[in-house]
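The values are calculated or read from the model by the stated rules, or taken from the named source; none is laboratory data. Here the structure is a predicted model, which means the values were calculated and not measured. Cβ placement follows ideal geometry from the backbone for every residue including glycine, while neighbour counts extend to all protein chains displayed.
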Amino acid sequence: MAGLLKLSGLIDRISEILGKFAGYLVLACCLISAGNACIRYLFNYSSNGWLEIQWYLFAFIVLLGASHTLRLNEHVRVDLIYGAVSDRTRLWIDAIGLVAFLIPACLYLAWLSWPFFSTSFLQGEVSSNAGGLIRWPVKLIIVSGFILLAFQGLSELIKRVAGLMGVLQVDTAYEKPLQ
């Protein structure tokens with residue numbers, strides 16, 4: 001279990017680094033958006049490339065940030081029973097959900113996305129908009145994002161199993177959303 005927990009720690013560090021990077025991409029997206037608006041109104045000039053890079057950055061933010069969000073246990077969950085059960089039952093619910101749903105779904109979506117990326121890369125696909133960008137980087141991040149999320153799911157599974165074995169204290173605290 002010690003080796004698996006080290007692997008989990010490595011995956012957690014990678015997710016944290018990429019999550020923080022995604023946070024900086026939010027700032028870059030805002031600056032690009034503001035710069036694009038200023039240039040458009042001050043100089044009456046615009047480029048589709050500026051709009052597309054914002055869309056690409058948004059994809060990077062969401063897909064790189066997803067594994068970090070899972071690591072922080074801040075993802076969306078169905079709370080019909082989760083908030084009313086014991087910590088041990090929460091660990092079981094998480095473990096079953098990771099094995100039955102999250103990890104297989106992420107791997108399947110990464111597998112489905114691979115031809116989408118590889119075709120774009122091999123064909124040198126470029127946006128059909130004037131001044132548009134190459135398309136393969138944003139398609140690669142789809143594959144990468146799902147693989148990263150699957151790895152973080154594996155890390156969370158390792159921690160849940162360690163928690164069930166009594167090797168690790170896992171925080172299963174749950175706050176209902178304020179609505």
Here the residues within the stretch 4-62 that are of a type in the set (A, V, I, L, M) and either touching a Lys or Arg at 6+ places or on another chain (Cβ under 8 Å) or on the phi > 0 side of the Ramachandran plot (or both) are LEU5
Check LEU140, LEU149, LEU122, LEU109 and return the single one that is modelled with pLDDT of 90 or more and crowded, with 19+ Cβ neighbours inside 10 Å. LEU149
What residue, among those in the stretch 119-137 that are assigned to a loop (DSSP other than H, G, I, E, B) and aliphatic (A, V, I, L, M), is nearest to GLN54 (Cα to Cα)? LEU133
Can you pull out every residue in the stretch 76-106 that is closer than 23 Å to SER144 by Cβ, surrounded by 13 or more Cβ atoms within 10 Å (Cβ to Cβ) and without any contact (Cβ under 8 Å) to a residue 40 or more places away in the chain? GLY97, PRO104, ALA105
Could you list all residues from the stretch 1-20 that are surrounded by 16 or more Cβ atoms within 10 Å (Cβ to Cβ) and closer than 21 Å to VAL62 by Cβ? ILE11, ASP12, ILE14, SER15, LEU18, GLY19
Considering (1) surrounded by 15 or more Cβ atoms within 10 Å (Cβ to Cβ); (2) under 29 Å from LEU157 (Cβ atoms), say which one GLY23 fails and leave the rest. (1)
Which fully enclosed helices (runs of 4 or more DSSP H) of the stretch 1-110 have 1 or more residues being farther than 17 Å from ASP171 by Cα and among the basic types (Lys, Arg)? 2-43
Only one of SER144, SER128, SER118 is of a type in the set (Ser, Thr, Tyr) and within 20 Å of the chain's Cα centre (by Cα). Can you tell me which? SER144
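Each row is one residue, and each column tells you yes or no for (1) more than 23 Å from ARG13 (Cβ to Cβ); (2) among the aliphatic types (A, V, I, L, M).
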site: ARG90; (1), (2): yes, no
site: ALA100; (1), (2): yes, yes
site: SER113; (1), (2): yes, no
site: GLY124; (1), (2): yes, no
site: PRO137; (1), (2): yes, no
site: ILE141; (1), (2): no, yes
site: ILE147; (1), (2): no, yes
site: LEU164; (1), (2): yes, yes
site: ALA173; (1), (2): no, yes
Is it the case, given these coordinates, that ASN129 is of a type in the set (S, T, N, Q), touching a Gly at 6+ places or on another chain (Cβ under 9 Å) and touching a residue at least 60 places away in the same chain (Cβ under 8 Å)? yes
